[in-house]
Amino acid sequence: SSERMMNSRTFADRVYTDEPILRTGAQVLKQREYASLRPRVETRVQRHAMPAQYRHMHDIARCVSNYDRMYTYGASGSRNFYEQGKYMEDFEDDFEGKSELYRFCGTYEDLGDYDLRCYFTWRSKYRSGSTTYAPLSFLYIYAHEIICGIGVEQGAQGFATLRRLSQEYAGISASFDSHLSRWMHDYVIYHDLDKNLVTDSLEASFSSHVALLAKAQSMLLAHDLTVWPATSVENLPTAHDILDAHCALSRYRADRSRFIREHRDDVAEVCSRVFAKMVWHCHKRRKIDYIDGLFGGPVRNSYTMYPSAIFWTSTPHPDAEYALSDAESYLCERGFWWRRVPCRRFDTSKDLGALMHAIDCRMREAMGDAHALKARPLAKYQGKFVDEEIAALLERRKAEEAARIHIDRSSLVGIRSASMRTREALLTDEEREDDEP
């Protein structure tokens, strides 16, 4: 209708025809969402064809929005899952179908009627001992059932069921393996089972080594010990224990050193004595102790039991304390869980690594090893400690070598012959006659 636009070059050589109206991105997503929900809607229309237990199960569910159910499945949603699971605890199905879920579902309400029947059919077969293919969502839902005590006795039987699930479906998903390992760890603590059922993690190993050094430090200071080792003190960690802890906690990979492997006894002795000197140095000159300065002091942090899992119980856990090891314990107070660990930081120490590298480097030089290491920066007082202990070690080895008696067994025959000749020369004629037969 605009005369100016009609006379412009834009419309000079073009003929316009009818074109489709463009849709916004929100409209496209809404249509796709509706298309994905259509099979579920159509299935629910035919709910009368399903067993009555499914209808009652859906009636149990409370009004939880799709957003809450998918992203923040809170306490009310967890209780819904628990009540639905308890109602369907002994239910079995023999539906002939195969679920092909392409999205994550963690509760019963996340499944359509078709997939729901497939799940209970799979669960019936799995409980009877048949391990068949299952979508990842089925494994998560079944793990949630075990954690909540649905269809299994809480305690040893529940843990055995979780372990069977982890073994028979190992590798199906790295995320599922990680979650299930953590849930099994928490299951042992929650139900006060044998701590040997817990698989040691890297963090647990780190904590145990820090606790060992902290124990050695406290014993050195309590008994006023300045020289290591001290055989008069019971339960004192050995020099090899100190070396193993240094190898595990230092950033320098001492366990890969050929020299340390070949001279393990000597390195352990030097390492333990340098450790004792560092303990006393920090005790006298610093405000915090040696181990606390390296890794931070003991802490108690809040702990989430069964993270990312659907878990609900009708009665809160009573107050309890569970010592997983000397380095790690868990405490429940008024339903809230806490975790005690011996250190604040779980990163290998750069300072400890520099000290271990200096011990490796300077011991090679002092003992004439052919494969020398390039020296790295080190505090002068620490270098002095290392050099003093290496020199003391060589002096002790030299004294031990001098006191050692060497017997050459190959010369015993010659010694015996010489003694016989000497004896013969000292005998008188009468003594020779008496010796003759």
## Note on the structure
Of all trypsin sites (Lys or Arg not before Pro) in region 267-315, the ones in DSSP coil with at most 10 other Cβ atoms within 10 Å are Lys287
### Query
When ranked by the protection proxy of mean other Cβ atoms within 10 Å per residue, highest first, what sequence do the peptides 181-191, 87-97 form?
181-191, 87-97
### Message
Under the rule of at least 5 residues apart or a separate chain, name every residue whose amide H is placed under 5 Å from the amide H of Ser349.
### Response
Ser250, Arg251
#### Entry: Rounded percent of accessible protein surface that carbon and sulfur make up, region 302-384, 1.4 Å probe
51 percent
### Message
Counting other C-beta atoms within 10 Å, and keeping those with at most 12, which DSSP coil chymotrypsin sites (Phe, Trp or Tyr not before Pro) do you find in region 238-310?
### Response
none
### Query
Any idea of the accessible area per residue across region 129-245, 1.4 Å probe, to the nearest Å²?
46 Å²
### Message
For the ranges 241-251, 323-333, 202-212, what's the packing order if you count other beta-carbon atoms within 10 Å of each residue, average per peptide, and put the highest first?
### Response
241-251, 202-212, 323-333
### Query
If we sort 306-313, 138-145 on the protection proxy, mean other Cβ atoms within 10 Å, highest first, what's the order?
138-145, 306-313
### Query
Past the 27 Å Cα-Cα mark, which pairs from Lys86/Lys195; Lys195/Lys284; Lys287/Lys374; Lys284/Lys384; Lys277/Lys350; Lys277/Lys374?
Lys86/Lys195; Lys195/Lys284; Lys287/Lys374
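The values are calculated or read from the model by the stated rules, or taken from the named source; none is laboratory data. Keep in mind that what you see is a predicted model, and the values were worked out from it rather than measured. Heads up, the Cβs are rebuilt from the backbone with ideal geometry, glycines too, and the neighbour counts pull from every protein chain shown. The protein model used for the area step is the full one, side chains on, heavy atoms only, and it has no ligands, DNA or RNA in it. Shrake-Rupley method; radii C 1.70, N 1.55, O 1.52, S 1.80 Å.
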